[in-house]
1. Between Ser42 and Asp196, what is 0.36 nm times their sequence separation minus the Cα-Cα distance? Round to one decimal in nm.
2. Relative to the first principal axis of the alpha-carbon coordinates of the chain, what is the inclination of helix 94-108, with its axis defined by its Cα atoms, in degrees from 0 to 90 and to the nearest 10?
3. Evaluate the charge dipole of segment 189-286 about its Cα centre and quote only its size in Debye, nearest 20, assuming +1 on the Cβ of each Lys and Arg and -1 on the Cβ of each Asp and Glu.
4. Grab the Cα-Cα distance for Asn243 and Asp164, subtract it from 0.36 nm times how many residues apart they are, and report the gain in nm with one decimal.
5. Sorted from largest down, give the three principal axis spans of the alpha carbons of segment 186-286, whole angstrom values.
6. Taking the Cβ-Cβ separation of Arg53 and Glu252 as r and a Förster radius of 30 Å, what is the calculated FRET efficiency to the nearest 0.05?
7. Out of these labelled values of Cα extents along the principal axes in Å, (i) 72, 47, 42; (ii) 72, 63, 43; (iii) 58, 48, 31, which was calculated from the coordinates shown here?
8. With all protein chains present, calculate the accessible area of Asp39 using a 1.4 Å probe and round the result to the nearest 10 Å².
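The values are calculated or read from the model by the stated rules, or taken from the named source; none is laboratory data. Just so you know, these numbers come straight off a predicted model, no measurement behind them. Methodologically, a virtual Cβ is constructed for each residue, glycine included, from the backbone with ideal geometry; neighbour enumeration extends over all protein chains shown. Surface areas here come from the heavy atoms of the whole protein model, side chains and all, with no ligands, DNA or RNA. Shrake-Rupley method; radii C 1.70, N 1.55, O 1.52, S 1.80 Å.
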Amino acid sequence: MSVKILADSACDLPLSFYQEYQVQLLPLKVLIDDTEYEDVVSIHPDSVYDAIRAGKVPKTSQVSPTTFENIFTEMAKQNQDGIYIAFSSELSGTYQTAVMILEQVKENYPDFQLTIVDTKCASLGHGLVVREAAKLAADQHSKEEILSTVQFLTQHMEHLFSVDDLDYLAKGGRLSKASAFFGGLLNIKPLLHMEDGRLAPLEKLRGKKKLLRRMVEMMKERGQSIGLQTIGISHAADEETANELKAMIDEELNPKEIIITSIGSAVGAHTGPGTIALFFLNEVEK
């Protein structure tokens, strides 16, 4: 029996991916106007961005304990080995809840073999890890081989991104060291990255063109063997900018592959529309 891969919806991969690779989807929840939706399953990101533009403040919540319990118990009954590749524990309580529920399930099924990995990654940075793990599992690689690759990727995944409005991140408590970074100057674009699983500001740039050029520059500075990599770009209702960034990277760095996805409802509720994000490795597995 092959290793089962589980992933929460914050990895911003489309539903078709979960279906194709038989990855178990664990949806985060999104609340708009007292109605709760399941990310990926019952809400489209555009609904979240429309709500934000209309002045509403969508709320999110982690994967429910009941969802974890039902899925883990079913796997345990079937004696199914698994790896749950989780959203950064610094951005959501989902990882901690999963660990807690796993301990409870193990009281009844002590031989249950599920490994939970805190990726310290977000959006498609998280998604690239899930994608690679799913491919290895589909090719019948061992659990140890898959975990080794997952650990390597999580340790070396770079996140570079910009949001149209830092207020969304600040309100949700998702942004560290932000106080000195505010300033609503016209057309100023903040560039952010991840530090040990948390979002942190890097630079301010004036205008989209300078921002995209700087993202490519930083990819050159931080990345390694880009030509061998699958690069990720995710966006919040801004496919045009995502394609512009892709064209710049293709021209200057010629990576093996670039995939573009929409930022999902759960992550998008905190970043807001207009977000653009770039993901790559600062080291390539030998």
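1. Contour length minus Cα-Cα distance gives 52.3 nm.
2. The answer is roughly 0 degrees.
3. 380 debye
4. Extra length available between Asn243 and Asp164 comes to 26.7 nm.
5. So the extents along the principal axes, rounded to whole Å, are 40, 26, 24.
6. Using R0 = 30 Å, I get an efficiency of 0.35.
7. (iii)
8. My reading of the accessible area for Asp39 is about 0 Å².
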